[in-house]
Amino acid sequence: MAKDIGLRGIKVADTKICAIDGEKGKLIYRGYDIQELARYSSFEETVYLLLYETLPARKELEIFKETLASERQLPAGIIRHLKKRKKTANTMDVLQSVIPMLADFDIESRAGTKVSCIKTSIKLIAKMVTLVAYLDRIRKNLDIKKPDERLGHAANFLYMLTGNVPDVQTARDFDTCLVLHAEHSFNASTFAARVVASTRADMYACVGAALGALSGELHGGANTQVMKMICEIDKTDEVEEWVKARLDAGKKIMGMGHAVYKTVDPRAQILSGISERLAERTGNTKWFELSRKIENVVMVEFKKRKGKDIYPNVDFYSPSIYCMMGIGPELFTPLFAVSRIAGWCTHILEEKFAEAQPKAVLYRPEAEYIGRYCGNEGCKYVPIEEREYA
Ligand code: COA
């Protein structure tokens, strides 16, 4: 039997990007606590911190914001391609296939130097929001809204998506969501990106791999499943029965539990506050109230059954927030990508250019073979015409 299934607890690299203390519920980007970043920083500043390892001076931040905003436009060839995709296509599938197409328009990235890879990172982070917003509007037969360089990253996304410039508080709340989702160490999608980077593939290929990993329901797809659950339950007085039946059937409650946090996920705590305040502000309290009730019931019922605690993760309260902002569930996982692309790019850069010793090498784990075995000689190959199967 293989030990270390799923690489749990195995340290596969050194990193200077992110630290998680699963016991204490702490998340640190480049030395800064997520609570501080959520309160005081912005997505653009956080991206700068991730990419350049330090907080920017005011002027540096201004220039960085301008550069990021100037890269939002998509090549006309990509827009034509988006219009040709089936309206029923899964957004994550479209993103995963379109991202490597952007490489066609980025000749400079072929240099593969650290400078060119940072420039490509900025392009990827800037264009991801436009891709998601355009895809959504094209699918809904709406005209696309060109990026507005006067708006910040979060506000511009909401504008391109809805056609309306959001109010300051909504833009700020959405910006905080982006900060909270930007980075999370060696999670499945980031690890996928790093594995591909370790082969010296280009940045577009690495991000394509990460998008595939993020799409699964045990990772970035969990938020869509959470919304499905909330809609299915629909009424707070149905929560208890629904949760008990699901746990009794041995099924998982999406948005609850975490591979690393064994206490409250700090991101979920902040998101729960945003959801509650948004509910008060909009008067649309249904989604928050249902989420809170589900959380409480799952915690009690899980403890009764397993004798241990379970807490909401980052995917538990974000659906209620996005819903109150008028964003549909089909976009929840793509929204995760809109933010996490910052972390992916940072990790790809670290994998490719880290000065750490020992140097990063091609990932190549081993597996315990438990398949057919016919002794040292191997199984005798039987020609197809001589095989007798019942
Ligand atoms: N609902 C019900 N039971 C859960 C659960 C959940 N959300 N999360 C964990 N459990 C149970 C498991 O079934 C397992 O029970 P067992 O010991 O009887 O087999 C036990 O708790 C330990 O689970 P395990 O899957 O080993 O925990 P993990 O820490 O490795 O798993 C996740 C982490 C994220 C995979 C898991 O919590 C999960 O699937 N959550 C739902 C999906 C989700 O929200 N993903 C987004 C993560 S950010």
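Every read-out reported here was derived from the displayed coordinates using simple, explicitly stated rules and does not represent laboratory data. On a predicted model such as this, the values are computed, not experimentally measured, just so you know. Counting neighbours? That spans all protein chains shown, and the Cβs are built from the backbone with ideal geometry, glycine included.
Most exposed first by the Cβ proxy, i.e. fewest other Cβ within 10 Å, how do Cys206, Cys177, Cys117, Cys379 rank? Can you show the working numbers first?
Details: Cys206 29, Cys177 26, Cys117 21, Cys379 9.
Neighbour counts put them in this order, fewest first: Cys379, Cys117, Cys177, Cys206.
How much length would be gained if the chain were fully extended between Cys231 and Met1, taking 0.36 nm per residue of separation minus their Cα-Cα distance, in nm to one decimal? Before the final figure, lay out the partial values.
Details: separation 230, 0.36 × 230 = 82.80 nm, distance 4.12 nm.
Full extension of this stretch gives 78.7 nm more.
Could you list Thr263, Thr162, Thr190 so that the one with the fewest beta carbons within 10 Å of its beta carbon is first and the one with the most is last?
Numbers: Thr263 14, Thr162 17, Thr190 26.
By the 10 Å Cβ count, ascending: Thr263, Thr162, Thr190.
Just how far, in whole angstrom, is region 139-164 from region 288-323 if you go by their alpha carbon centroids?
Going from one Cα centre to the other spans 32 Å.
Say the dipole of region 1-159 comes from +1 at the beta carbon of Lys and Arg and -1 at that of Asp and Glu; which of Leu158, Ala38, Ala133 then lies farthest toward its positive end?
The one lying farthest along the dipole's positive direction is Ala133.
Restricting to DSSP H runs of at least four residues, report the calculated mean residue ellipticity at 222 nm for the chain, -39500 (n - 2.57) per run over all residues, nearest 500 deg cm²/dmol.
Numbers: 16 runs with 212 residues, N = 390.
Taken over the chain, the calculation gives -17500 deg cm²/dmol.
Would you work out the charge dipole size for region 98-188 about its Cα centre, treating the Cβ of every Lys and Arg as +1 and the Cβ of every Asp and Glu as -1, and quote it to the nearest 20 debye? Walk me through the intermediate numbers first.
Details: 12 positive and 11 negative charges, 41 e Å.
Approximately 200 debye in magnitude.
With the Cα gyration tensor of region 120-257 in hand, give its eigenvalues times 5 under a square root as the equivalent ellipsoid semi-axes, listed largest first in whole angstrom. If you can, show how the numbers build up before the last one.
Numbers: eigenvalues 183, 118, 37 Å².
Listed largest to smallest, the semi-axes of region 120-257 are 30, 24, 14 Å.
Per-residue counts of other Cβ atoms within 10 Å, averaged by peptide: what ranking do you get for 224-236, 340-352, highest first? Don't skip to the answer; put the middle values down first.
Working: 224-236: 17.5, 340-352: 25.6.
With the highest mean Cβ count within 10 Å placed first, the list reads 340-352, 224-236.
Quote the FRET efficiency, to the nearest 0.05, computed for Arg58 versus Arg80 with a Förster distance R0 of 45 Å and r equal to the Cβ-Cβ distance.
Numbers: r = 40 Å, r/R0 = 0.88.
Step by step, r from the Cβ atoms, then E = 0.70.
By counting other Cβ atoms within 10 Å of each Cβ, how are Ser320, Ser109 ranked from fewest to most? The partial results should precede the final answer.
Working: Ser320 28, Ser109 20.
By the 10 Å Cβ count, ascending: Ser109, Ser320.
Per residue of region 8-25, in order, report the coupling 6.51 cos²θ - 1.76 cosθ + 1.60 (Karplus, θ = phi - 60°) as ³J(HN,Hα) in whole Hz, putting x for Gly and Pro.
For region 8-25, the Karplus curve yields 4, x, 8, 8, 9, 6, 8, 9, 10, 8, 8, 10, 10, 10, x, 6, 8, x Hz.
What is the list of residues in region 190-205 whose amide nitrogen lies under 19 Å from a point 7 angstrom out from the Cα of Leu362, following Cα to Cβ?
Residues passing the 19 Å test: 192-203, 205.
In whole Hz, what ³J(HN,Hα) sequence does region 66-75 give by Karplus (6.51, -1.76, 1.60; θ = phi - 60°), x for Gly and Pro?
5, 4, 4, 5, 6, 9, 6, 5, 9, x
How big is the Rg/Rh ratio for the chain, C-alpha atoms only, Rh by Kirkwood, two decimals?
Working: Rg = 22.5 Å, Rh = 22.4 Å.
Ratio of gyration radius to Kirkwood radius for the chain: 1.00.
Return the subset of Lys65/Lys140; Lys26/Lys308; Lys84/Lys146; Lys16/Lys306; Lys65/Lys123 for which the Cα-Cα distance in this structure is over 24 Å, preserving the input order. Walk me through the intermediate numbers first.
Numbers: Lys65/Lys140 30 Å; Lys26/Lys308 20 Å; Lys84/Lys146 19 Å; Lys16/Lys306 36 Å; Lys65/Lys123 12 Å.
The pairs that break the limit, which is 24 Å between Cα atoms, are Lys65/Lys140; Lys16/Lys306.
I'd like the Karplus ³J(HN,Hα) series for region 123-129: coefficients 6.51, -1.76, 1.60, θ = phi - 60°, whole numbers in Hz, and an x wherever there's a Gly or Pro.
The phi angles translate into 4, 4, 5, 5, 7, 4, 5 Hz.
Just how far, in whole angstrom, is region 325-390 from region 53-78 if you go by their alpha carbon centroids?
Cα centres, region 53-78 to region 325-390: 32 Å.
Can you give the charge dipole size of the chain about its Cα centre, rounded to the nearest 20 debye, using +1 on the beta carbon of Lys and Arg and -1 on the beta carbon of Asp and Glu? Let's see the in-between values first.
Numbers: 57 positive and 52 negative charges, 72 e Å.
Once rounded to the nearest 20, the dipole reads 340 debye.
Just need log10 I(q)/I(0) for region 223-349 at q = 0.09, 0.18 Å⁻¹, Debye formula, equal scatterers on the alpha-carbon atoms, no solvent, rounded to two decimals.
-0.26, -0.99
So if each residue of separation counts as 0.36 nm, and I subtract the Cα-Cα distance between Thr67 and Leu142, what length gain in nm does that give?
Working: separation 75, 0.36 × 75 = 27.00 nm, distance 2.79 nm.
Residue separation times 0.36 nm, minus the Cα-Cα distance, leaves 24.2 nm.
Between Tyr369 and Val165, what is the label-point separation in nm under the 7 Å Cα-to-beta-carbon projection?
My value for the distance between the label points is 6.5 nm.
If R₀ is 45 angstrom, what is the calculated FRET efficiency for the pair Glu241 and Ile10, using the beta carbon separation as r and rounding to 0.05? Each step should come with its number before you reach the end.
Values: r = 40 Å, r/R0 = 0.90.
Once the sixth-power term is evaluated, E becomes 0.65.
Given a Förster distance of 56 Å, report the FRET efficiency between Lys306 and Asn90 from their Cβ-Cβ distance, rounded to the nearest 0.05.
Details: r = 33 Å, r/R0 = 0.59.
It comes to 0.95.
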